[in-house]
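K.L.:
Before I ask anything, let me first share the structure, which is written out below as structure tokens.
The values are calculated or read from the model by the stated rules, or taken from the named source; none is laboratory data. A quick note: this is a predicted structure, and the numbers were derived from the prediction, not measured. With ideal geometry, Cβ positions are generated from the backbone for all residues, glycine too; neighbour counts draw on all protein chains shown. Protein only, heavy atoms only, side chains kept; ligands, DNA and RNA dropped before computing areas. Shrake-Rupley method; radii C 1.70, N 1.55, O 1.52, S 1.80 Å.
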Amino acid sequence: MGIVNVTPDSFSDGGVYLDPDRAVAAAHRLIEEGAAIVDVGGESTRPGHEPVPLDDELRRVLPVIERLDGVPVSIDTSKAEVARRALELGAELVNDVTALRGDAGMAGLVATSRAWVCLMHWEREPAYADVVSDVAAFLEERLRFAVDAGIDEEHIVLDPGIGFGKTVQQNFELVRRLPELVSLGRPVLVGFSRKSSLGRILGDEKAKTGPLSASLAAAVVAYERGATILRAHDVRAHVEALTVAAAVSG
Ligand code: HH2
């Protein structure tokens, strides 16, 4: 999953794709580089981000998605109205970092439109007994909620939410013990690309991002431990690394 953030403030590519022409070109480039789907987002979720009003988010993402005919698109939003308009324009997956808790209309929308949905773990004030068991229990509960709301279980993807309310060690533990999340029976998405834990484990305690080399290491290990979808900014390098990892693992 290639990332196109149509935002001024995303943690690693803020402002780069705010212009629709550049965002559309980036989406096409990511597909050429081997992405299976492009995740278009109009609101940053980085720590301390500014909430984006509905109209601004629509103004950012719709002109981009409108011009992505033929490109598989995922819409990164927690607002049902943004998701609805994106789905009308052909988006296939709703990437909701609130796991259907941010907007009461989201679950029904996904159910009736028969879209795919990614449910991500994010607790704002976490008190983990065991981070992996707690994330697994959360995802299992959200999975049940989504199915009860009429969403086809076969259309649901789960995500531990790397970097969302977790320490550096907890982020790595989630990937180390990924099989415990894979055992919930749905495809697992991992988004470690450029995240600050990568820079911090390399010795910069104040890092806001991590380098490509570290992103690739995390993606390869996540893949080996059962991740199905890797969310990444640098698609060509990820496709190359994962192709080799797949060849080595046979
Ligand atoms: N991470 C980010 C945003 N959306 N969605 C899922 N499902 N999983 C993730 O790990 C995830 C996500 C944060 O990364 P990015 O989009 O690069 O930054 P920002 O939120 O600052 O726009």
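K.L.:
Only helical DSSP H runs with n ≥ 4 go in: add -39500 (n - 2.57) per run for the chain, normalise by residue count and round the 222 nm mean residue ellipticity to 500 deg cm²/dmol.
P.N.:
Value at 222 nm, helices only: -13000 deg cm²/dmol.
K.L.:
Would you grab the residues whose amide H sits under 5 Å from the one on LEU18? Only those 5+ places off in sequence or on another chain, please, with H modelled 1.01 Å from N.
P.N.:
It is THR7, by chain and number.
K.L.:
Turning to a different aspect of this structure: Take the Cα pairs of segment 121-189, get the Kirkwood Rh, then feed it into Stokes-Einstein at 37 °C and 0.692 mPa s and tell me D in µm²/s. Provide the component values of the computation, followed by the final result.
P.N.:
Values: Rh = 12.3 Å.
For these conditions, the coefficient is 266 µm²/s.
K.L.:
Find the percent of Cα-Cα distances in the chain that exceed 29 Å, and round it to a whole number.
P.N.:
Numbers: 7400 of 31125 pairs.
I get 24 percent for the Cα pairs in the chain exceeding 29 Å.
K.L.:
Give the accessible surface of the chain per residue, rounded to a whole number of Å², with probe radius 1.4 Å and ligands, DNA and RNA excluded.
P.N.:
Roughly 45 Å² per residue, with all protein chains present.
K.L.:
Whole angstrom only: what separates the Cα centroid of segment 2-62 from the Cα centroid of segment 65-89?
P.N.:
12
K.L.:
Moving on. Lysines within cross-link reach of LYS206: Cα-Cα under 19 Å, excluding same-chain residues under 8 positions apart?
P.N.:
Within reach: LYS166, LYS195.
K.L.:
Can you give the Rg and Dmax of segment 166-250 based on its C-alpha atoms, in angstrom?
P.N.:
12.6, 39
K.L.:
What nm value, rounded to one decimal, do you get for the distance between ALA104 and GLU81 when each label is placed 7 Å out toward the C-beta?
P.N.:
Computed distance between label sites ALA104 and GLU81 equals 1.6 nm.
K.L.:
Once phi is turned into ³J(HN,Hα) by the Karplus curve 6.51 cos²θ - 1.76 cosθ + 1.60 with θ = phi - 60°, what whole-Hz value does each residue of segment 94-100 show in order, with x for glycine and proline?
P.N.:
Computed from phi, the couplings for segment 94-100 are 9, 9, 10, 5, 9, 6, 6 Hz.
K.L.:
Please work out how much accessible surface PHE172 shows to a 1.4 Å probe, ignoring ligands, DNA and RNA, in Å² rounded to 10.
P.N.:
Its accessible surface works out to 50 Å², give or take rounding.
K.L.:
Connecting C-alpha atoms closer than 10 Å in a GNM of the chain, tell me which of HIS233, HIS155, HIS121 has the biggest fluctuation.
P.N.:
HIS155
K.L.:
Now for a different question. Please report, to two decimal places, log10 I(q)/I(0) for segment 1-55 at q = 0.21, 0.26 Å⁻¹ as given by the Debye formula with identical point scatterers on the Cα atoms and no solvent.
P.N.:
The Debye formula, applied to the Cα set alone, gives -0.75, -1.01.
K.L.:
Only Cα pairs within less than 10 Å get springs; with that Gaussian network setup on the chain, which residue of LEU54, LEU119, LEU62 has the largest fluctuation?
P.N.:
LEU54
K.L.:
Still on this structure, I have one more. Which of the aspartates and glutamates could a cross-linker span from LYS208 if the Cα-Cα distance has to be under 15 Å and same-chain partners fewer than 8 positions apart are dropped?
P.N.:
ASP9, ASP13
K.L.:
When the Karplus curve 6.51 cos²θ - 1.76 cosθ + 1.60 is applied with θ = phi - 60°, which whole-Hz ³J(HN,Hα) does each residue of segment 186-203 get, with x for Gly and Pro?
P.N.:
10, x, 10, 9, 10, x, 9, 3, 6, 6, 4, 4, 5, x, 6, 5, 8, x
K.L.:
Something else now. Per residue of segment 209-221, in order, report the coupling 6.51 cos²θ - 1.76 cosθ + 1.60 (Karplus, θ = phi - 60°) as ³J(HN,Hα) in whole Hz, putting x for Gly and Pro.
P.N.:
The phi angles translate into 9, x, x, 4, 3, 6, 4, 5, 4, 5, 5, 5, 5 Hz.
K.L.:
Give me the percent of the accessible area of the chain that comes from carbon and sulfur atoms, probe 1.4 Å, all protein chains in place.
P.N.:
In the chain, the share of accessible area belonging to carbon and sulfur is 51 percent.
K.L.:
Given springs between every Cα pair under 10 Å in a Gaussian network model of the chain, which of PRO63, PRO126, PRO187 has the largest fluctuation?
P.N.:
So, out of PRO63, PRO126, PRO187, the one fluctuating most is PRO126.
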